[in-house]
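The values are calculated or read from the model by the stated rules, or taken from the named source; none is laboratory data. Computed from a predicted structure; not experimentally measured. Here the Cβ positions follow ideal geometry from the backbone for every residue, glycine too, while neighbour counts run over all protein chains shown. These area figures cover heavy atoms from the full protein model, side chains too; ligands, DNA and RNA do not enter into them. Shrake-Rupley method; radii C 1.70, N 1.55, O 1.52, S 1.80 Å.
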Amino acid sequence: MEGAELAGKILSTWLTLVLGLILLPSAFGVSLGISEIYMKILVKILEWATIRIEKGVPKESVLKNSAPVGIIQRDESPMEKGLSGLRGRDFELSDVFYFSKKGLEAIVEDEVTQRFSSEELVSWNLLTRTNVNFHYISLRLTMVWGLGVIVRYCVLLPLRVTLAFIGITLLVMGTTLVGQLPDSSLKNWLSELVHLTCCRICVRALSGTIHYHNKQYRPQRGGICVANHTSPIDVLILTTDGCYAMVGQVHGGLMGIIQRAMVKACPHVWFERSEMKDRHLVTKRLKEHIADRKKLPILIFPEGTCINNTSVMMFKKGSFEIGGTIHPVAIKYNPQFGDAFWNSSKYNMVSYLLRIMTSWAIVCDVWYMPPMTREEGEDAVQFANRVRSAIAVQGGLTELPWDGGLKRAKVKDTFREEQQKNYSKMIVGNGSLNSESD
């Protein structure tokens, strides 16, 4: 009995602390300053660890193993300049060396594959994800690393799991209850309140520190919000500052329960797997949504897959064929405190959540950008590229023309054919053989 009473007291004390110091303040969007103190202490510890690493490892070794640069030096000159051996419009056997060189560069280090692996850090952040075994440099650094493991797994993890469970439970219960109300302004207000409150609790479960910039450009009702995609928690990051109508495929399990509860309170747009293949049906439903200026802005990630937050890859044109106003948003995570990137090919959802819940914190910046619309004479692809460029510049990300679908698929034949056509034009000119050479 004494053991049961002791366990009950510990549990009640734990829940009281969670409720009073974290849950209630986060629900009302208020900070007691605990997160700020935690981040300041964490920054000091990481700075100390960096100094210890610089003292314990030769500078050349640290730079060699940690610098986030490519392992090869690429020649980005166009094909015409690269084929310096080409004379006039005649084919030369030496042209083969140019294409062989480009092929070897792609095999050694292509621009696509490296965007689907975690970003390397210049200095170790006392987490296990690192490219150098920094924690074996000195006994003191090893002890700090071991203490960090205890804190992350024995203190932060139980706390974060508790907050996540409470947040998800409240979300399902709240949206289910609100969904029973008739359509009215009261229902919409309660739905937004439930979504905002529960998402703030879930962000606290990740020790999230989010800096929002240019709030005057926040997406408005009847518009489309497009953002670069790094992780499923992108939705939580954005919904903490405003509500959106989600677009996505219907899932089963826990995710399916959450989706069915959310759609009762808010007009989210969920599709069955068979419907996702019907572009006309998807476009029709999205156009119907944005036509109602009273509905929440739609949140879409045009890349279609998660990228490691170093680049922005090709935007699918479907989101830009709908019409309406596009509200670009750039999201940039700080990998020094935790890796937010989800490599779905390597980790399932449970493993991914365990990784981020045992990291130090999730720190990111969100930039709202001025709304954009299609210009006269501009097609959907050109508009998508213009929005992508704006997001890349604002977030300090590399802009790549490649399709994120290459993460799981082979290169399309059209990409190879494009290079073949470019080379053919250099040989035959305007599509016909050089009559003078005959």
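A few remarks follow.
- Among the residues making up the range 167-192, those that are open to solvent by 40 Å² or more (accessible area, probe 1.4 Å) and either in contact with a Cys (Cβ under 9 Å, 6 or more places away or on another chain) or of a type in the set (Ser, Thr, Tyr) (or both) are ILE168, THR169, LEU170, THR176, SER184, SER185, ASN188, GLU192.
- Any hit, the range 311-334, residues being assigned to a strand (DSSP E or B) and open to solvent by 40 Å² or more (accessible area, probe 1.4 Å): yes
- If you check ASN228, ASN188 for being modelled with pLDDT of 90 or more and in contact with a Leu (Cβ under 9 Å, 6 or more places away or on another chain), only one passes: ASN228.
- Some residue of the range 350-369 being buried (at least 17 other Cβ atoms within 10 Å of the Cβ), more than 19 Å from GLU399 (Cα to Cα) and basic (Lys, Arg): yes
- Residue list for the range 342-361, restricted to those being modelled with pLDDT of 90 or more and part of a loop (DSSP other than H, G, I, E, B): THR358, SER359, TRP360, ALA361
- MET262 meets the conditions (1) closer than 15 Å to PRO297 by Cα; (2) more than 17 Å from the chain's Cα centre (by Cα) in every case but one. The failed one is (1).
- Scanning the range 362-392 for residues that are assigned to a strand (DSSP E or B) and within 21 Å of VAL235 (Cβ to Cβ) yields ILE362, VAL363, CYS364, ASP365, VAL366, TRP367, TYR368.
- Single residue of LYS294, LYS284 found to be over 25 Å from ALA361 (Cβ atoms), assigned to a loop (DSSP other than H, G, I, E, B) and open to solvent by 30 Å² or more (accessible area, probe 1.4 Å): LYS294
A quick yes/no check of all residues on (1) at pLDDT below 85; (2) surrounded by 17 or more Cβ atoms within 10 Å (Cβ to Cβ); (3) over 27 Å from LYS215 (Cα atoms):
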| site | (1), (2), (3) |
| --- | --- |
| TYR244 | no, yes, no |
| GLY248 | yes, no, no |
| GLY253 | yes, no, yes |
| MET262 | no, yes, no |
| HIS268 | yes, yes, no |
| MET276 | yes, no, yes |
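- Any hit, the range 196-216, residues being at positive phi, in contact with a Leu (Cβ under 9 Å, 6 or more places away or on another chain) and modelled with pLDDT under 90: yes
- Where a residue in the range 239-259 is within 24 Å of ILE290 (Cβ to Cβ) and its partner, wherever it lies, is of a type in the set (Asp, Glu) and not in a loop (DSSP other than H, G, I, E, B), with Cβ under 8 Å and at least six apart: CYS243/GLU192
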